[in-house]
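Structure first, commentary second.
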Amino acid sequence: MCESNDLLPKATESPPKKRTASIESRYQSELKKLQRLTKDAIPDEKRSAVLPLMSNIAFLKVKLDEARRELMHESIFTEYDNGGGQSGVREHPGFSAYNKLFTTFSRGIKQLTDMMPSGSTAGDALIDYINETRFGG
């Protein structure tokens, strides 16, 4: 008789504590960076509404950086064989996921910049933040 733990996929196991702590510290670092960049540019009355957005942007930034590292040495295309005689080449699913993450990340940054006064230096700093994410700076 097998135990119920034998039926669970490996993905349900907790990640190593060191990796989790590292990801959490990177997330906290990105969140603080965003808060610092927007501190004087977003009016106080909008600040509380913006905090969840900044939290999500920080999360996306960490995941984008992680995905970029994983995909760096992968091909954009991957071969497949569905076992039913159909095979071919398709887009690597990781690249599709990365593009979706980046689109969501960019929209979040746009929402932040739209809350800032035009010509704000913080807006320029957020553009640099996007470029850092896009180009791995």
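Things to note:
- Subset tally (residues that are more than 15 Å from the chain's Cα centre (by Cα) and under 28 Å from Ala58 (Cβ atoms)) for the range 71-108: 7
- Within the range 6-50, considering residues that are modelled with pLDDT of 80 or more and small (Gly, Ala, Ser), the one surrounded by the most Cβ atoms within 10 Å (Cβ to Cβ): Ala41
- Residue that is farthest from the chain's Cα centre (by Cα), among those in the range 109-129 that are among the β-branched types (Val, Ile, Thr) and surrounded by fewer than 18 Cβ atoms within 10 Å (Cβ to Cβ): Thr121
- Residue in the range 55-67 that is aromatic (Phe, Trp, Tyr), surrounded by 15 or more Cβ atoms within 10 Å (Cβ to Cβ) and modelled with pLDDT of 85 or more present: yes
- Unmet criterion (only one of (1) at pLDDT below 90; (2) surrounded by 10 or more Cβ atoms within 10 Å (Cβ to Cβ)) for Gly84: (2)
The values are calculated or read from the model by the stated rules, or taken from the named source; none is laboratory data. Worth saying up front: this structure is predicted, and the values here are computed from it rather than measured. For neighbour counting, all protein chains shown are included, and Cβ atoms are generated from backbone atoms with ideal geometry for every residue, glycine included.
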